[in-house]
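Asker: Handing you this structure, nothing more for now.
Readers should treat all values here as calculations from the given coordinates under stated rules, not as data from a laboratory. Everything numeric here is computed off the predicted structure, so don't read it as measured data. All Cβ positions, glycine included, derive from the backbone under ideal geometry; neighbour counts span all protein chains shown.
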Amino acid sequence: MRWRKQGIGVRWFTWLLASSLASYSAAEQPKADADWPRLLTEWRSRLGTKGAAEAVKELQGMAGPRAVAALDWMLQREPEPRVREMLLAPLARIEGEKANSILLRHAVRDNSPAVRDAARKHLAERHGAPELVRQYASLLRFPDPVRSNSAESLSQLKVPSAIEPLIDALITMRPEIKAYWDPGTEVQYRYREESPTHRREWRKGWGRSPTTRYYRVHVPETNASVLDALKTLTGRDYRYDKEAWRSWWKEQKASRTQTGSSG
């Protein structure tokens with residue numbers, strides 16, 4: 001746009017020259033950081049009014065790493081999926097790991113399918129398939145719904161590199177706390193007792209100290225969402241047989257290698 005070529009920046013929701021912005025932004029930045037939540041709250045209240053179009057235009061003008069914290073604050077408090085989608089758009093234009101982690105969180109944790117799809121689309125615009133596979137695969141170790149949404153995200157990428165991490169996550173180990181009754185061991189103890197002569201004397205006795213004890217075990221858990229993602233990607237169904245999946249995938253990789261070398 002023309003205003004970008006002219007070096008125009010944004011101070012909160014006010015258009016200003018970038019040169020002027022640099023002159024006072026350092027001094028007024030703490031106030032700006034504190035004002036972002038208030039301004040976003042005001043912006044949200046205008047969405048249902050006649051000024052909705054102008055509010056959307058103002059949101060599109062948000063930029064800069066310092067806006068990330070305020071956008072995250074608003075996303076966590078916004079109950080309406082449509083508004084969360086709108087808030088993801090300016091966040092996607094901000095570079096940096098913090099903005100990326102918020103997008104990734106909504107891609108796998110948001111309870112709205114539309115918001116998850118929007119976050120995945122923004123992530124796909126920021127990263128190539130190898131990086132996306134790495135990010136989604138790292139989340140397969142978490143319980144549902146994170147695991148199921150991460151598996152769905154991997155299946156939507158439609159790349160062969162997503163198959164191996166899905167095979168590894170078909171069966172995972174789930175921690176579980178178990179309890180057992182410990183009757184305790186018989187121990188000898190000493191106690192004081194009033195004797196017939198009204199003197200306190202030390203005597204010996206035997207007793208036990210029963211208690212309930214707890215321990216942690218890891219039990220295997222099959223993940224249906226991961227299997228569904230694998231079937232979508234490969235068109236195969238070896239159920240939860242990891243060895244069968246790995247054997248098939250090994251043959252596929254060997255076949256691809258031979259085809260590439262002969263070509």
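Asker: Starting from the Cα of VAL217, step 7 Å along the direction of its Cβ; do the same at SER247; then give the gap between the two resulting points in nm.
Answerer: Once both label points are built, they end up 3.0 nm from each other.
Asker: GLU95 versus ALA124, label points 7 Å from Cα toward the beta carbon: distance in nm?
Answerer: Going from the GLU95 label point to the ALA124 one covers 2.3 nm.
Asker: What is the packing order of peptides 149-156, 69-76, taking the mean over residues of other C-beta atoms within 10 Å and listing the highest first?
Answerer: Result, highest mean first: 149-156, 69-76.
Asker: Pairs LYS57/LYS158; LYS57/LYS121; LYS98/LYS253; LYS121/LYS242; LYS121/LYS231: which exceed 29 Å Cα-Cα?
Answerer: Table pairs above 29 Å Cα-Cα are LYS57/LYS158; LYS98/LYS253; LYS121/LYS242.
Asker: Starting from 0.36 nm per residue, how many nanometres of slack lie between GLU176 and ASP117 once their C-alpha separation is accounted for?
Answerer: Gain on extension, GLU176 to ASP117, equals 17.9 nm.
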